[in-house]
Each structure stands twice: as C-alpha cells, then as structure tokens.
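Engineer: Right, I'll just put the structure down here and ask away after.
Read-outs: derived from the displayed coordinates by stated rules, not from any lab. For clarity, every value in this text was computed on a predicted model and none was experimentally measured. Here the Cβ positions follow ideal geometry from the backbone for every residue, glycine too, while neighbour counts run over all protein chains shown.
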Amino acid sequence: MSIDTSSDYARERDAEDPLGRFRDRFVIPDPTLIYLDGNSLGRLPKATAARLKEVVEQEWGQDLIRGWNQGWFDLPERVGTKLARIVGARADEVIMADATSVNLYKLAMAAVRARPNRTKIVSDTLNFPSDIYILQGVAAQTGTELQLVQANDERRGPVEGLAAVIDDDTALVSLTHTAFKSGYTYDMAAVTEMAHAAGALILWDCSHSVGAMPIALNNCHVDLAVGCSYKYLNGGPGAPAFLYVRRVLQEPLGNPIPGWMGQKNPFEFNLHYEPTAGLRRFLSGTPPVLGLAAVEPGLDLLLEAGLDAVRLKSVGLSDYLIRLWAAELAPLGYRLRSPRQAARRGSHVSLGHQEGWRINEALIQELNVLPDFRRPD
Ligand SMILES: *Cc1c(COP(=O)(O)O)cnc(C)c1O
C-alpha cells in the first residue's frame with residue numbers, strides 16, 4: 001500500500017473536503033494546535049458560546065423563574081428529540097438526563113428488575129471502567145452475578161465468548177458500542193439479536209460512537225441505550241448524557257431513582273410517587289438547564305453536516321493515518337492498536353509504542369499536538 005506522505009497531499013485533500021467549511025463554525029484560537037482528543041472532549045462550537053451567553057444573561061438574568069415556562073422544563077425532551085435523529089430512534093425514545101454512569105445505573109437496574117427470575121448480567125473486559133463499576137453495583141444490589149467476558153485482543157470484541165455465556169439465565173447484556181481504547185466497534189444488530197435469542201435485554205453504551213457514525217437503534221431492535229454528549233457531540237465538559245428506551249419498554253420499566261421530575265404531576269407535591277407517562281419517568285431531579293442549552297447547538301451542527309458525511313470523512317482520515325503509520329511509524333516500532341477494518345472501528349486510532357508515555361509528553365510539550373495516552377503504551 002503506497003502513500004503520498006507529503007503535506008501537499010494533505011492540503012489538497014483538505015481543499016476538496018466538503019465538510020471543510022464547518023471549521024469556521026468552531027472556536028479555534030490557535031490554528032497551529034493539532035487537536036486529536038475530540039473523542040474525549042469535543043471542540044466548542046461558536047454558536048454554543050453565543051447561546052450560553054443568551055441563556056445566562058437573558059433567560060436566567062432577566063426572565064428568572066419564568067424561564068421554566070418558557071422552554072426550560074421541556075429541554076430534556078427537546079434536546080432528546082434532536083439526539084434521537086442522530087441515533088436512529090423515534091422522537092419520544094430519547095431524553096437527556098444526568099451523567100452517562102447514572103443513566104446506565106437507572107436502565108441496568110430497571111432491566112434486571114424486569115427479568116426477575118434471571119440471575120446474570122453479561123459484559124466484557126473492553127467496557128469502560130465506570131460502566132463495569134456501575135454493573136458491579138447493580139449486580140450487588142439485585143443479587144445477580146456480573147459475568148465479564150475476557151477480550152484476548154483489544155482490537156476485537158469477544159463475540160464468541162459472549163455467545164457462549166449468554167443464556168436463558170441472562171437478564172441483561174450491557175456493552176459499549178465502540179471501545180474507548182482500541183476503537184473496536186461491535187456489530188450492534190448481530191449482538192442485539194444474540195441477546196434477544198436468549199430472552200435477555202440489551203443495553204448499549206454509545207458514548208464513543210454517538211456523533212461519530214450513524215447509529216440505528218430502532219433498526220437494530222435495541223432495547224436500551226445511553227451515551228455521553230461531550231465527546232463527538234461537542235456538548236461541553238460534563239454535559240448531560242442521553243438515555244434511550246424502546247417505546248414498548250417505557251411503561252413496563254421503572255426508574256430506580258424515582259424523583260419528582262418523573263412524577264405525574266410534580267407541582268401538586270403529592271407524597272405518593274406515580275410515574276408520568278413516557279420517557280420523562282426516567283428523570284429524577286431538576287434538569288441542568290445551562291448544560292442542556294450547551295448541547296443543542298452541537299447537535300444542530302451535526303444534523304446540518306449529516307452523519308453519513310461525517311462518517312465518510314472520519315473513515316477517510318483514519319485510513320489515511322493508518323497508511324501513514326504503516327509507511328513511517330511501523331518501521332520505528334509503533335504498533336497499530338486499532339482494528340484495520342473501518343467497519344469495525346470507531347472514529348479514533350490508537351498507536352502503541354514502548355516509549356508511548358514519553359512520546360505523548362513530547363508531542364504535547366514540544367510539538368503543539370494534543371493526543372491522549374492510555375496504559376500500558
Ligand atoms: C466517556 C464515557 C462515559 C462517561 O461517563 P460519565 O458518567 O458521563 O462521566 C461512560 N461510558 C463510556 C463508554 C464512555 O466512553
């Protein structure tokens with residue numbers, strides 16, 4: 001596989017990039033900084049900075065408590081409806097709330113309780129540590145067992161291992177769609193089908209794939225999903241996460257953190273909890289209005305650009321980087337830690353080197369590049 005490694009070649013590709021015009025829609029104070037960490041914290045859209053100023057100074061500063069009747073109360077659904085289009089769900093199947101970890105807890109508890117005669121939760125060792133902690137907690141609190149299927153190669157999900165342990169004792173299968181280290185991406189439809197064949201529910205964490213590629217929750221018959229909005233969705237640090245519950249499961253499942261925002265008539269202040277209809281029952285406390293307002297402009301940008309176009313560019317950039325690695329870096333002892341096959345890869349590329357930590361520091365300190373480092377290399 002030969003490749004033109006010149007910077008002229010890269011500049012020519014940039015010049016013909018149909019998404020290039022979006023660069024100007026982001027705050028980029030240092031154009032020489034090479035930012036390779038959008039998978040961890042997406043850049044700030046200019047529209048978000050303007051929107052936040054408006055929400056703070058006008059809506060909060062002037063409207064005060066009237067803001068709740070002028071759009072704040074419905075923000076979790078309004079933003080969720082936009083996000084639904086990004087994950088291939090119906091408008092009433094996605095709502096914004098809390099952090100991803102908290103949403104995972106709520107949906108995992110609800111799922112295990114909905115399968116009361118089953119004693120197992122299945123996940124894998126590629127999963128994000130917070131997800132595993134949460135699932136360990138859910139197992140302890142429900143008297144079930146968490147079975148973690150070992151991935152022998154980080155670049156490949158243990159699909160056969162999962163098939164071997166998912167059985168009619170499995171209440172829930174909970175996996176991360178795109179693995180945070182290698183970028184390995186599961187075949188969502190196939191693994192969902194595997195869980196359903198055993199009568200188990202499935203819960204996908206889409207934190208590392210949402211916004212980076214088209215996701216088809218409905219078409220894959222996914223039961224439950226969560227994901228974060230500060231990575232490829234550019235929602236800002238600590239932005240509220242989303243949760244998805246397939247329409248037919250919304251009534252049967254209960255929120256293990258039943259709070260007043262999920263109550264039928266929160267402002268009647270009844271002392272008895274009665275869940276409201278639809279997804280709002282999965283809210284617990286007051287919606288984080290400032291955080292939610294910061295998520296919306298990023299979603300608008302993404303919908304304007306189109307998920308297919310974003311994915312096409314992402315695959316093009318990743319393949320280009322991998323070809324550069326093969327030509328320039330492999331001979332120097334760098335290893336490719338991501339799948340080669342684009343269909344099985346998310347939107348980031350991991351390289352390994354035994355001096356990885358020092359190389360990472362040198363890039364940051366001396367070359368104005370912001371990559372990220374994960375152990376071991
Ligand atoms: C980033 C990420 C999270 C973040 O969880 P928070 O609770 O929002 O901090 C969770 N799961 C996965 C797979 C992630 O990549």
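Engineer: Give me the aspartates and glutamates in straight-line cross-link reach of LYS313: C-alpha distance below 13 Å, same-chain residues under 8 apart excluded.
Structural biologist: Those aspartates and glutamates meeting the cut-off are ASP14, GLU16, ASP17.
Engineer: Once Lys and Arg get +1 and Asp and Glu get -1 on their Cβ, which of SER347, ILE359, PRO376 lies farthest toward the positive end of the dipole of the range 337-377?
Structural biologist: SER347
Engineer: Same structure, new question: Grab the other residues whose beta carbon is less than 13 angstrom from that of VAL222, score K and R as +1, D and E as -1, and report the net.
Structural biologist: That works out to -2.
Engineer: State log₁₀ I(q)/I(0) for the range 117-258 at q = 0.09, 0.16, 0.19, 0.20 Å⁻¹ as given by the Debye formula over alpha-carbon point scatterers of equal weight, solvent excluded.
Structural biologist: The calculated log intensity ratios at q = 0.09, 0.16, 0.19, 0.20 Å⁻¹ are -0.25, -0.86, -1.25, -1.39.
Engineer: What is the extension gain from ALA342 to VAL315, computed as 0.36 nm multiplied by their sequence separation minus the C-alpha to C-alpha distance, in nm to one decimal?
Structural biologist: Result for the pair: 9.1 nm of gain on full extension.
Engineer: Which lysines, if any, have their Cα less than 18 Å from the Cα of LYS82, not counting same-chain residues under 8 positions apart?
Structural biologist: Of all the lysines, those that pass the test against LYS82 - Cα under 18 Å, at least 8 places apart if same chain - are LYS231.
Engineer: Could you give the semi-axes, largest first, of the ellipsoid that matches the range 260-377, computed as the square roots of 5 times the alpha carbon gyration tensor eigenvalues and rounded to whole Å?
Structural biologist: 45, 19, 15
Engineer: List the residues, sorted by chain then number, that are 5 or more residues from ASP98 or on another chain and whose placed amide H is less than 5 Å from its amide H.
Structural biologist: It is ALA241, by chain and number.
Engineer: Oh, and also: Once whole DSSP H runs in the chain are found, which of them have Cα atoms spread over 18 Å or more along the helix axis and a mean Kyte-Doolittle score of at least 0.0?
Structural biologist: TM-like helix candidates: 100-113, 129-142, 289-305, 307-324.
Engineer: From the mean inverse distance of alpha carbon pairs (Kirkwood) and the Cα radius of gyration, derive Rg over Rh for the chain.
Structural biologist: Over the Cα atoms of the chain, Rg/Rh equals 0.98.
Engineer: How much length, in nm to one decimal, is gained on full extension between ARG21 and VAL369, taken as 0.36 nm per residue of separation minus their Cα-Cα distance?
Structural biologist: Length difference between fully extended and current span is 123.0 nm.
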